[in-house]
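Structure, as structure tokens:
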Amino acid sequence: MELFLSGVLNGAPATRNRHIRQADEIQRAIYERWHRNNPWSWRRKHLAWFLTHGLEKHSKSTQYYYLLTVRLIASRRAKTWKF
């Protein structure tokens, strides 16, 4: 995921590391549910599922930080997905 996001990541090293760590967790959850390991094969529904079901027990602030990571993934895919 680090290589995938390298084109859109900027900012402080801690922020970059957080996005990479969260993207890895998103990738793991989507793989367990749909067996899609490659972010290029993901659809909007996969990321929307993660935001609603994968984070339902997390706090609102954690959900917000994951939303930012999902937006980076969509940006890297050059999609205009709204979440």
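The values are calculated or read from the model by the stated rules, or taken from the named source; none is laboratory data. Only a predicted model underlies this, so the values are computations on that prediction, with no experimental measurement involved. All Cβ positions, even for glycine, are placed from backbone atoms using ideal geometry, and neighbour counts span all protein chains on display. Accessible surface is based on the protein model in full, side chains and every heavy atom, while ligands, DNA and RNA are left aside. Shrake-Rupley method; radii C 1.70, N 1.55, O 1.52, S 1.80 Å.
Might you report the magnitude of the Cβ-based charge dipole of the chain about its Cα centre, with Lys and Arg at +1 and Asp and Glu at -1, to the nearest 20 debye?
Details: 16 positive and 5 negative charges, 65 e Å.
That gives the chain a dipole magnitude of about 320 debye.
Calculate what fraction, in whole %, of the accessible area of region 1-72 sits on carbon and sulfur atoms when a 1.4 Å probe is rolled over the protein chains. Let's see the in-between values first.
On the way: 2250 of 4580 Å².
Reported share for carbon and sulfur atoms: 49 percent.
Pull out the extension gain between ALA14 and GLU2, defined as 0.36 nm times the separation in residues minus the alpha carbon to alpha carbon distance; nm, one decimal.
Full-extension gain reported as 3.0 nm.
Mind checking the per residue accessible area of region 3-47 for me, 1.4 Å probe, whole number of Å²? Can you show the working numbers first?
Working: 2860 Å² over 45 residues.
On a per-residue basis, region 3-47 sits at 64 Å².
Want the number for LEU51 to ARG33: 0.36 nm per residue separation, take away the alpha-carbon distance, what's left?
Values: separation 18, 0.36 × 18 = 6.48 nm, distance 1.34 nm.
Value of the extension gain: 5.1 nm.
Please state the shape class of region 1-79: rounded when a/c is under 1.5, otherwise prolate if a/b exceeds b/c and oblate if not, all from the C-alpha gyration tensor.
Numbers: a/c = 1.69, a/b = 1.12, b/c = 1.51.
The shape class here is oblate.
Which listed residue (ALA74, LEU3, ILE30) has the Cα farthest towards the positive end of the charge dipole for the chain, taking +1 on Lys and Arg C-beta and -1 on Asp and Glu C-beta about the Cα centre?
ALA74
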